[in-house]
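J.: One structure is given below, represented as structure tokens, and several questions about it will come after.
Laboratory data are not the source of any read-out in this text; all were calculated from the coordinates shown. Since the structure is predicted, the reported quantities are computational estimates derived from the model, not experimental observations. In this analysis, Cβ positions are derived from the backbone assuming ideal geometry, glycine residues included, and neighbour counts consider all displayed protein chains.
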Amino acid sequence: MNAPVEIRLAGDSALVVELGTEIDPAMNAHVVAIAARLRHEQIDGVRDVISSYASITVCFDPLRTDLESLTSTITRHVTTTTPVLATSRPPREIPVCYGGVYGHDIEAV
């Protein structure tokens, strides 16, 4: 996560917080942790917090939210949140049945 964090407007009621562009599990863990803290804080006027692999979109009510204060809060969380990397787990096998009594329409598919 060497790239600087970029916070920009997405329309009149959302901010996008870009933490980077590379595929990096550590960055994704940071994104997930920041989004969780923003949701937990229940910031007045924030309608939704949507995380992706390397960014977070914060949707807000522009009539109830001070943009400068919201940006400051987001920046604080970006700089103070410690990511927690998920531990490696073995894959889970999910049995699947095709045809017969489980798939009457298998020929149509």
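J.: Contact order normalised by length for the range 6-102, with contacts defined as Cα pairs under 8 Å and 6 or more residues apart; what percent is it?
T.: Details: 120 pairs, mean separation 28.4, N = 97.
Relative contact order here is 29 percent.
J.: Something else: Please give me the summed charge of the neighbours of His30: other residues whose Cβ is under 13 Å from its Cβ, Lys and Arg +1, Asp and Glu -1.
T.: Residues close to His30 contribute a combined charge of -2.
J.: Neighbouring Cβ atoms within 10 Å as the yardstick, rank Ser13, Ser72 fewest first.
T.: So the ranking, lowest neighbour count to highest, is Ser72, Ser13.
J.: Test of understanding: ordering Arg37, Arg89 by Cβ neighbours within 10 Å, fewest first, what list do you get?
T.: If I rank by nearby Cβ atoms, fewest first, I get Arg89, Arg37.
J.: Quote to one decimal, in nm, the extra length available between Thr21 and Ile50 on full extension: 0.36 nm per residue of separation minus the C-alpha distance between them.
T.: Full-extension gain reported as 8.8 nm.
J.: Ok, one more. Sort out for me the Cα centre separation of the range 24-70 from the range 84-106, rounded to whole Å.
T.: 32 Å
J.: On to the next question. Just grab the label-to-label distance for Thr57 and Val84, each label 7 Å out from Cα along the Cβ direction, in nm (one decimal).
T.: Placing both labels 7 Å along Cα→Cβ, they lie 2.7 nm apart.
J.: Using the alpha carbons of the chain, what is the convex hull volume per residue in cubic angstrom, as a whole number?
T.: Convex hull of Cα atoms, per residue: 189 Å³.
J.: Then there is this: List the GluC sites (Glu not before Pro) within the range 1-43 that fall in a DSSP loop (any state other than H, G, I, E or B) and whose Cβ has at most 14 other Cβ atoms within 10 Å.
T.: Sparse-neighbourhood loop GluC sites (Glu not before Pro): Glu22.
J.: Pull out the extension gain between Arg76 and Glu93, defined as 0.36 nm times the separation in residues minus the alpha carbon to alpha carbon distance; nm, one decimal.
T.: 2.1 nm
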